[in-house]
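**Student:** I am attaching a structure below and will ask some questions about it afterwards.
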Amino acid sequence: MTLDALTDVAGLRVGHATLTGGGRLTGTTVVLAPEGGAVAAVDVRGGGPGTKETDALDPRNVVRRVEAVVLTGGSAYGLDSASGVMAWLEERGRGVRVGPEPAHVVPVVPTACVFDLGRGGDFRARPDAATGRAAVEAAAASGPGAPVAEGCVGAGTGATVGQLKGGVGTASAVLGSGITVAALVVANAAGSAIHPETGVLYGELFQEGGRVSPPATEVHEAARRRLTEAAAQNVSPPLNTTLAVVATDADLTRAQAQKLAGTAHDGIARAVRPVHLLNDGDTVFTLATAARPLASDSPLALNEVLAAGADVVTRAIVRAVRAAKSVEGPGGMWPSYEELYGAL
């Protein structure tokens, strides 16, 4: 039985560190690979990214596998959370071997951030190395195939999508070949997730043939008024970013993993409009654990993985928006989709 989560890819673990109260509304999420690492790649398409160690993932460069990926709040300040993850990995001898001793390693920890500064009221509240360590420890402590918490947790704690509350979402699919493809997303976009005339989530138009019943007209009009009121109160700008980790147990080359990261951006474009703007930092990482061979005699085998990657990203964004809870405080007011429109 699958959980419809990133951890359906065997060996991957997810941990959140959530910072709330006292002016804080932020956090960090760590995806921990199996010991020995996973093939990794990245595709950055937003015009305002905040990243660390993404150049190391270029297929032309030396790093072949990574032990963890970090998604964090705090904008560029929050990239410091990766230091705590690096320290935790170094203590366990996990990383790129650079010397004769087993302890001579440099953990390469690709990291990307979302903008959530000031959303809890304190602009200086942001994740640090201790937050990253807490998140990776939570990931390590989770059991194999453990459920993944969604909504206002980890890097999604202060996330917003337009004037809606955003958050963390996850989804997975098992292909006919038995290969699993899954995604974990932090939905924190300047664009909107809602069709302006109907109130339907864009991402749900791509699910189940798009047969989505729109909310009642009076419900939609009330929601629009509430969002307008929220926009008038919010001091923090609706800046970047949608982040995603797309994972598979397929045996991908680094070039194939990079192609998967690129096509997965289509999943963001289906669920949020507009995307990839100058004030976005949209970034997708890929992790491939190589547990299942990719049928080399079928040119369609990789295409199926690529298509599934985009699909699970779209579903993960929908789940992030639906799992989020409303937030109102000194930093602003962001109603949740569920509060405005109700559950499915």
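The values are calculated or read from the model by the stated rules, or taken from the named source; none is laboratory data. A quick note: this is a predicted structure, and the numbers were derived from the prediction, not measured. Ideal geometry is used to build each Cβ from the backbone, glycine not excepted, and the neighbour counts take in all protein chains shown. Heavy atoms of the whole protein, side chains included, go into the accessibility calculation; ligands, DNA and RNA do not. Shrake-Rupley method; radii C 1.70, N 1.55, O 1.52, S 1.80 Å.
**Student:** Let me check against my output: what whole-number percent is the relative contact order of the chain, with C-alpha pairs under 8 Å and at least 6 apart?
**Tutor:** 25
**Student:** Mind ranking 326-334, 108-116, 258-266 by how tightly packed they are, going by the mean number of other C-beta atoms within 10 angstrom, highest first?
**Tutor:** Working: 326-334: 19.0, 108-116: 28.8, 258-266: 22.1.
Result, highest mean Cβ count within 10 Å first: 108-116, 258-266, 326-334.
**Student:** Residue by residue, what Karplus-based ³J(HN,Hα) values in Hz, rounded to whole numbers, does the stretch 182-199 have, using 6.51, -1.76 and 1.60 with θ = phi - 60° and x for Gly and Pro?
**Tutor:** Each residue's phi maps through the Karplus curve to give 9, 9, 10, 10, 10, 8, 8, 10, 6, x, 9, 9, 10, 5, x, 8, 10, x Hz.
**Student:** Per DSSP H run of at least 4 residues, take -39500 (n - 2.57); add these up for the chain, divide by its residues and hand me the 222 nm value, nearest 500 deg cm²/dmol.
**Tutor:** -8500 deg cm²/dmol
**Student:** Another question, if that's okay. Across the stretch 129-136, in residue order, what do the Karplus-derived ³J(HN,Hα) couplings come to in whole Hz, using 6.51 cos²θ - 1.76 cosθ + 1.60 with θ = phi - 60° and x for Gly and Pro?
**Tutor:** The phi angles translate into 4, 5, 5, x, 5, 4, 5, 5 Hz.
**Student:** Return the long-range amide H neighbours of residue 160 (sequence gap of 5 or more, or a different chain), with a cut-off of under 5 Å between placed amide H atoms.
**Tutor:** The answer is 166, 189.
**Student:** Once phi is turned into ³J(HN,Hα) by the Karplus curve 6.51 cos²θ - 1.76 cosθ + 1.60 with θ = phi - 60°, what whole-Hz value does each residue of the stretch 270-286 show in order, with x for glycine and proline?
**Tutor:** Going residue by residue, I get 6, 9, 9, 9, x, 10, 6, 8, 5, 9, 9, x, 3, 9, 10, 9, 10 Hz, with x marking Gly and Pro.
**Student:** Taking all protein chains in place and a 1.4 Å probe, what share, in percent, of the accessible surface of the stretch 6-333 do carbon and sulfur account for?
**Tutor:** 52
**Student:** Continuing with this model, one more query. Please give every one of the lysines within straight-line cross-link reach of residue 325, meaning a C-alpha to C-alpha distance under 23 Å, and leave out same-chain neighbours fewer than 8 residues apart.
**Tutor:** 165
**Student:** Right, here's the next one. Residues of the chain: accessible area per residue at 1.4 Å, in Å²?
**Tutor:** 39
**Student:** For the stretch 123-227, evaluate the Debye formula with one uniform point scatterer on each Cα (no solvent term) and list log10 I(q)/I(0) at q = 0.10, 0.22 Å⁻¹, rounded to two decimals.
**Tutor:** Log10 of I(q)/I(0), two decimals: -0.44, -1.26.
**Student:** Amide H to amide H under 5 Å from residue 192: which residues, 5+ apart in sequence or cross-chain, H placed 1.01 Å off N in plane?
**Tutor:** 273
**Student:** Show the residues, 5+ positions off or on another chain, whose built amide H is closer than 5 Å to the amide H of residue 280.
**Tutor:** Residues meeting the amide H criterion: 47, 48.
**Student:** Output the Kirkwood hydrodynamic radius of the stretch 182-294, Cα pairs only, in Å rounded to one decimal. Intermediate values should be presented prior to the final figure.
**Tutor:** Values: mean 1/r = 0.0622 Å⁻¹.
Final number for the Kirkwood radius of the stretch 182-294 is 16.1 Å.
**Student:** Straight-line reach from residue 259: which lysines have Cα under 26 Å away, leaving out those fewer than 8 places along the same chain?
**Tutor:** Leaving aside lysines fewer than 8 places away in the same chain, those within reach of residue 259 are 52.
**Student:** What are the principal axis extents of the Cα atoms in the stretch 6-333, in Å, biggest first?
**Tutor:** Each principal axis gives a Cα extent; for the stretch 6-333 these are 65, 47, 35 Å.
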